[in-house]
Amino acid sequence: MLFSGKQYLYTKPGEKAELHCPICGTKCEVKRNCYGPTCFAEAVGGLGHLHDCFTCPHRDEDWHQHASQLIAQKHECASRRVRGLIDLDLKETLTTRSVL
């Protein structure tokens, strides 16, 4: 499985029956047997291949984008205590599905 950015999950055609969003855990919507690039290099080179494209139905919502930013900040943070605080914000965002 290929993960591209935070918006799309790509797999080989038929490789996975379903996938869940790595941000919120919601079952993803799927488009099967798409043809096209799945990364920047393929796009620039005018290349593509068959793939299945999974997307989270919540990807355009403010709370989902906020949760994605919190996850990115957590991965970049060196402080264990600050990561703990980010976890609290993330849990609250995913539970309430709103940006507080």
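The values are calculated or read from the model by the stated rules, or taken from the named source; none is laboratory data. Note that the coordinates shown come from a computational prediction; the quantities given were computed from them, not determined experimentally. Neighbour counts are summed over all protein chains in view; Cβ atoms, including those assigned to glycine, are modelled from backbone coordinates with ideal geometry.
The residue list L19, L9 contains one member that is in contact (Cβ under 8 Å) with a residue 40 or more places away in the chain, of a type outside the set (D, E, K, R) and touching a Phe, Trp or Tyr at 6+ places or on another chain (Cβ under 9 Å), which is L9. Here E76 does not qualify as over 14 Å from the mean Cα position of the chain (by Cα), surrounded by fewer than 15 Cβ atoms within 10 Å (Cβ to Cβ) and under 23 Å from G14 (Cβ atoms).
Among the conditions (1) outside any helix (DSSP H, G or I); (2) surrounded by 12 or more Cβ atoms within 10 Å (Cβ to Cβ); (3) in contact with a Lys or Arg (Cβ under 8 Å, 6 or more places away or on another chain); (4) not charged (D, E, K, R), G14 misses just one, which is (2).
Across segment 33-61, the qualifying residues are those that are over 12 Å from the mean Cα position of the chain (by Cα) and surrounded by fewer than 12 Cβ atoms within 10 Å (Cβ to Cβ), and the one among them that is modelled with the lowest pLDDT is F40. Residues that are under 15 Å from the mean Cα position of the chain (by Cα) and at pLDDT below 95 do not occur anywhere in segment 79-95. L9 fulfils the conditions (1) crowded, with 16+ Cβ neighbours inside 10 Å; (2) modelled with pLDDT of 95 or more except for a single criterion, (2). Residues in segment 14-60 that are in contact with a Leu (Cβ under 6 Å, 6 or more places away or on another chain) and on the phi > 0 side of the Ramachandran plot: N33 alone.
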